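Peer 1: Have a look at this one before I ask anything.
The values are calculated or read from the model by the stated rules, or taken from the named source; none is laboratory data. Note that the structure is a prediction, hence the values are computed from the model and not measured. Because the Cβ atoms are built from the backbone with ideal geometry, glycine has one as well, and the counts that use them run over all protein chains shown. Areas reflect the complete protein model, heavy atoms only, side chains present, ligands, DNA and RNA absent. Shrake-Rupley method; radii C 1.70, N 1.55, O 1.52, S 1.80 Å.
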Amino acid sequence: MNIPFVDLNAQHAEVVSELQSAIDAVMSTSAFTGGPQVERFEKRYADYCGTRHCVAVGSGTAALELLMRAYEIGPGDEVILPANTFVATAEAVALAGAKPVFVDVRDDTANLNPHQLAAALSPATKAIIAVHLYGVPADIDAIGAFAREHDLILLEDAAQAHGAEHRRRRAGSLGDAAAFSFYPSKNLGACGEAGCITTDDPAIAESARMLRDHGSKEKYRHDIVGRNDRIDGIQAAILSVKLKRLDRWNHRRGELAARYDEAFTGHPLIHPLHTRPECKAVHHLYVVRVQDRDRVRQALASDGIATGIHYPIPLHLQPAFASLGGAPGDLPVCESLADEVLSLPMFPHLDEAQVDYVCESLAGCLEGVHS
Ligand SMILES: *Cc1c(COP(=O)(O)O)cnc(C)c1O
């Protein structure tokens, strides 16, 4: 058996004819950037998330960067974020001229540990970015309470959490504003690059709209220095088609995750990361912790199973952030996760037999290992 880590072909086979007509419709109007398809998608996605506004942009990274600009986060400011995340979360902060302050994560969920916030706080702290990593909403009750108490902006990096819920509220509506990515392999993915910002704050939405389009509200009048981070009409039309299926696809991911969970229950050497009871996770990734991870990964590969590592180097130890002075031992949970995490195949078009095969292969290659 050959099991890919993610199979986008299977997803496309399901929607190809609808995608084709959505693309044709954009071609016939030549509304290639901005336009009615973009507005339609923004309205639908804001409704989906339960926010007043959605501003679609060129990528998830752009969404994060524009949020920094919209909130006027810049030189002299500090932004607290977990070190176990994709690099873009911190890049946005650094590119804005602000300082990323990395904190450790919870051992069970691998998401930001709210108990670490107090030590990271300084008079320069302006915002916290709660990352809903792997599709599990961050501990938003505690993080939100801390943000309110210290008058900090609370941003969500929801790039892996389309449709995830915390106490029945959706990711994207849990802080002051959120960034989503529609990178092709995300739970909701474009056929190319795309992302968006969601918020209830009309001033932030307006500022993001201007920033994505050269600081302009009115053609050739530029009120602020912006950039070009618009989304393609074709991508917006594609996203509207796929959005209709997002809940079903997320539900299917949940079934597959439950099947993995069940197979690993009580296994002494395979430790799946957890979700939290007050949440509905959307299983962007299915991540287990194992010892001797690289050998295990090799063994799975020789059984035809592709896996991923999210992420092998915590951000405080990345060469790109060396100037911040992070050192091994600073964030012990992030560092042990980096050595132990293994992401198993997870996508809605995976089937039960494939999951069972992965579980058998993983258990089998751990059989000869001493704990
Ligand atoms: C994918 C991702 C991003 C970046 O999104 P792009 O659309 O690839 O720019 C940011 N943060 C996290 C947590 C992600 O997973």
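Peer 1: Those residues that are buried (at least 24 other Cβ atoms within 10 Å of the Cβ) and among the small types (Gly, Ala, Ser), I need them from segment 93-110; list them, please.
Peer 2: Result: 110, single match.
Peer 1: Another question, then. Restricted to segment 165-179, and to residues that are closer than 19 Å to residue 67 by Cβ, in contact with a helix residue (DSSP H, G or I) (Cβ under 6 Å, 6 or more places away or on another chain) and not charged (D, E, K, R), which residue is farthest from the ligand (Cβ to nearest atom)?
Peer 2: Here the residue is 173.
Peer 1: For segment 72-92, give me each residue that is crowded, with 22+ Cβ neighbours inside 10 Å and away from the ligand (no atom under 12 Å from the Cβ).
Peer 2: Scanning segment 72-92 gives 79, 80, 83.
Peer 1: Next question. Show the residue pairs meeting these rules: Cβ distance below 9 Å; 6+ apart or different chains; first residue within segment 170-187 and at negative phi and open to solvent by 10 Å² or more (accessible area, probe 1.4 Å); second residue of a type in the set (Phe, Trp, Tyr) and more than 10 Å from the ligand (Cβ to nearest atom).
Peer 2: 170/48; 176/71; 185/5; 185/347
Peer 1: Looking only at segment 242-268, count how many residues are crowded, with 19+ Cβ neighbours inside 10 Å and touching a Ser or Thr at 6+ places or on another chain (Cβ under 9 Å).
Peer 2: Qualifying residue count, segment 242-268: 1.
The rows are residues; the columns are (1) without any contact (Cβ under 8 Å) to a residue 60 or more places away in the chain; (2) more than 22 Å from residue 116 (Cα to Cα); (3) open to solvent by 30 Å² or more (accessible area, probe 1.4 Å).
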{"position": "321", "(1), (2), (3)": "no, no, no"}
{"position": "332", "(1), (2), (3)": "no, no, yes"}
{"position": "345", "(1), (2), (3)": "no, yes, no"}
{"position": "348", "(1), (2), (3)": "no, yes, no"}
{"position": "356", "(1), (2), (3)": "no, yes, yes"}
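Peer 1: Looking at (1) outside any helix (DSSP H, G or I); (2) within 25 Å of residue 312 (Cβ to Cβ), which one does residue 75 not meet, given that it meets all the others?
Peer 2: Answer for residue 75: the failing condition is (2).
Peer 1: Considering segment 49-71 alone, what residues qualify as being more than 8 Å from the ligand (Cβ to nearest atom) and either in a strand (DSSP E or B) or touching a Ser or Thr at 6+ places or on another chain (Cβ under 7 Å) (or both)?
Peer 2: Passing the criteria: 49, 50, 51, 53, 54, 55, 56, 57, 70.
Peer 1: Looking only at segment 294-306, how many residues end up being surrounded by 16 or more Cβ atoms within 10 Å (Cβ to Cβ) and closer than 25 Å to residue 328 by Cβ?
Peer 2: 2
Peer 1: Among the residues of segment 15-60 satisfying the criterion of being in contact with a Phe, Trp or Tyr (Cβ under 9 Å, 6 or more places away or on another chain) and among the polar types (S, T, N, Q), which is nearest to residue 165 (Cα to Cα)?
Peer 2: Only one residue fits best here, namely 51.
Peer 1: Which condition from (1) at pLDDT below 95; (2) outside any helix (DSSP H, G or I) is the one that residue 10 breaks?
Peer 2: Going through the list (1) at pLDDT below 95; (2) outside any helix (DSSP H, G or I), residue 10 breaks only (2).
Peer 1: Hey, can you tell me all the residues within segment 145-157 that are more than 16 Å from the ligand (Cβ to nearest atom) and in contact with a Pro (Cβ under 9 Å, 6 or more places away or on another chain)?
Peer 2: Scanning segment 145-157 gives 145, 146.
Peer 1: Of all residues in segment 189-206, count the ones that are among the hydrophobic types (A, V, I, L, M, F, W, C), closer than 15 Å to residue 240 by Cβ and either in contact with a Ser or Thr (Cβ under 8 Å, 6 or more places away or on another chain) or within 11 Å of the ligand (Cβ to nearest atom) (or both).
Peer 2: 3
Peer 1: Further question: Go through segment 114-132 residue by residue and tally those that are open to solvent by less than 20 Å² (accessible area, probe 1.4 Å) and touching a His at 6+ places or on another chain (Cβ under 8 Å).
Peer 2: Residues flagged as open to solvent by less than 20 Å² (accessible area, probe 1.4 Å) and touching a His at 6+ places or on another chain (Cβ under 8 Å) within segment 114-132 amount to 1.
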